[in-house]
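Shown next, in structure tokens, is the structure this report addresses.
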Amino acid sequence: MKGGKGRRAQKKTGSPAPVPGQIRINRFLSMCGITSRRKAEELVRLGKVEINHAVVRDLATRVDPARDRVFVGGTQALPVKGFLYLVLNKPKDSITTLSDERGRTTVMSMVRTRERVYPVGRLDRNTTGVLILTNDGGFAHRLMHPKFNVPKSYRVSCDRSLTRTDLAALRGGVTLGDGRTAPADVEFIAQGRGKEIGITIHEGRNRQVRRMFETLGYDVVKLDRVAYGPVTKAGLARGGTRSLTRSEIRALKEMAGYTEEELLSGR
């Protein structure tokens, strides 16, 4: 019995003990706001991560944030001091990118923060409304993951009145080039003469709402995202930003599958 315990103890301590101050590479990348820990592991497997200019593929790799220089896709990863969660009321004729070589207006030109933030998903150039920005990569990844079905609501203005047959089709799901859409919540907006429609989807495909109407033969004249989960643009001028409230952040995290432990720890 004693010998067996001794062998088990020796086997348990056979791998090198963690060096004080070092953390696993996936945790470090999450601290930098780049992505979630699970997604960080994929980046490592794909050889996208370098430590001190040497590519690493071992998920057990540990780094010293005070000494090591970590790069993802050639850009240095730096831990953020605190996570920011913002909402922008995106105006028309602005694009959802960090920069544009053609000199077009980007949403980032409307945000004034010391910490660099990134848009959660995209709105096309002519779509207006609620756009969430953050430097919390794990949070952004979960919000966009189709597994969690975080609702996004839009006001759609069409070139002609929507028929009740097509209203029912949108509710049940329509077939697009990348597959059938999930059922959506669709209603006529009062006083809109059938041309103004409210729609809530639980997916995040590229230009999904526009394509849903276009496949039924309608031209979308205006498209405005009025809500992302509990977050609205109420009281926010076009091009204006504000910080999300604690209750909004918590509600979004609950929708995105955060456990109570994660919510309490702020991870």
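The values are calculated or read from the model by the stated rules, or taken from the named source; none is laboratory data. Please read these numbers as outputs of a predicted model, since none were measured by experiment. A quick note on method: Cβ atoms are made from the backbone with ideal geometry, for glycine too, and the neighbour counts reach across all protein chains shown.
Taking the listed residues 197, 189, the one that is over 24 Å from residue 122 (Cα atoms) and among the aliphatic types (A, V, I, L, M) is 189, with no other qualifying. In the set (1) exposed (fewer than 14 other Cβ atoms within 10 Å of the Cβ); (2) modelled with pLDDT under 90; (3) closer than 24 Å to residue 44 by Cβ, the condition left unmet by residue 114 is number (3).
From the list 205, 193, the one residue that fits, being within 21 Å of the chain's Cα centre (by Cα), at pLDDT below 95 and part of a loop (DSSP other than H, G, I, E, B), is 205.
Only one entry of 98, 123, 131 meets the criterion of being on the phi < 0 side of the Ramachandran plot, crowded, with 20+ Cβ neighbours inside 10 Å and either in a loop (DSSP other than H, G, I, E, B) or among the acidic types (Asp, Glu) (or both), and that entry is 123. Within segment 139-184, the set of residues being of a type in the set (D, E, K, R), under 27 Å from residue 39 (Cα atoms) and surrounded by 15 or more Cβ atoms within 10 Å (Cβ to Cβ) comprises 142, 152.
Among the candidates 136, 100, 68, the residue that is assigned by TED's automatic domain parsing to the domain that holds residue 31 and of a type outside the set (A, V, I, L, M) is uniquely 68. Scoring residue 47 on the criteria (1) on the phi < 0 side of the Ramachandran plot; (2) in a loop (DSSP other than H, G, I, E, B); (3) modelled with pLDDT of 90 or more; (4) within 26 Å of the chain's Cα centre (by Cα) leaves a single failure, condition (1).
Search segment 240-266 for residues being part of a loop (DSSP other than H, G, I, E, B) and surrounded by fewer than 15 Cβ atoms within 10 Å (Cβ to Cβ), and hand back the single one that is modelled with the lowest pLDDT. Restricting to residues being part of a loop (DSSP other than H, G, I, E, B) and surrounded by fewer than 15 Cβ atoms within 10 Å (Cβ to Cβ), the top hit is 266.
Can you tell me which residue within segment 101-120, out of those that are assigned to a strand (DSSP E or B) and within 19 Å of residue 232 (Cα to Cα), is farthest from the chain's Cα centre (by Cα)? Working first, answer last.
First, the residues of segment 101-120 that are assigned to a strand (DSSP E or B): 106, 118-119.
With within 19 Å of residue 232 (Cα to Cα) added as a condition, the list becomes 118-119.
Working: 118: 9, 119: 7 Å.
Top of the filtered list is 118.
Can you find even one residue in segment 40-51 that is touching a residue at least 24 places away in the same chain (Cβ under 8 Å), within 30 Å of residue 238 (Cα to Cα) and not assigned by TED's automatic domain parsing to the domain that holds residue 112? Checking segment 40-51: not a single residue is touching a residue at least 24 places away in the same chain (Cβ under 8 Å), within 30 Å of residue 238 (Cα to Cα) and not assigned by TED's automatic domain parsing to the domain that holds residue 112.
Which of the residues belonging to segment 208-239 are among the polar types (S, T, N, Q) and not in a strand (DSSP E or B)?
Pass one, segment 208-239, residues among the polar types (S, T, N, Q): 208, 215, 232.
Scanning segment 208-239 gives 208, 215.
Only one residue in 165, 128 is of a type outside the set (Lys, Arg) and under 18 Å from residue 242 (Cβ atoms). Which one?
On the way: 165 fails: under 18 Å from residue 242 (Cβ atoms).
Matching residue, one of 165, 128: 128.
Output the residues belonging to segment 88-108 that are among the small types (Gly, Ala, Ser) and at pLDDT below 90. Hits for segment 88-108 are 99, 103.
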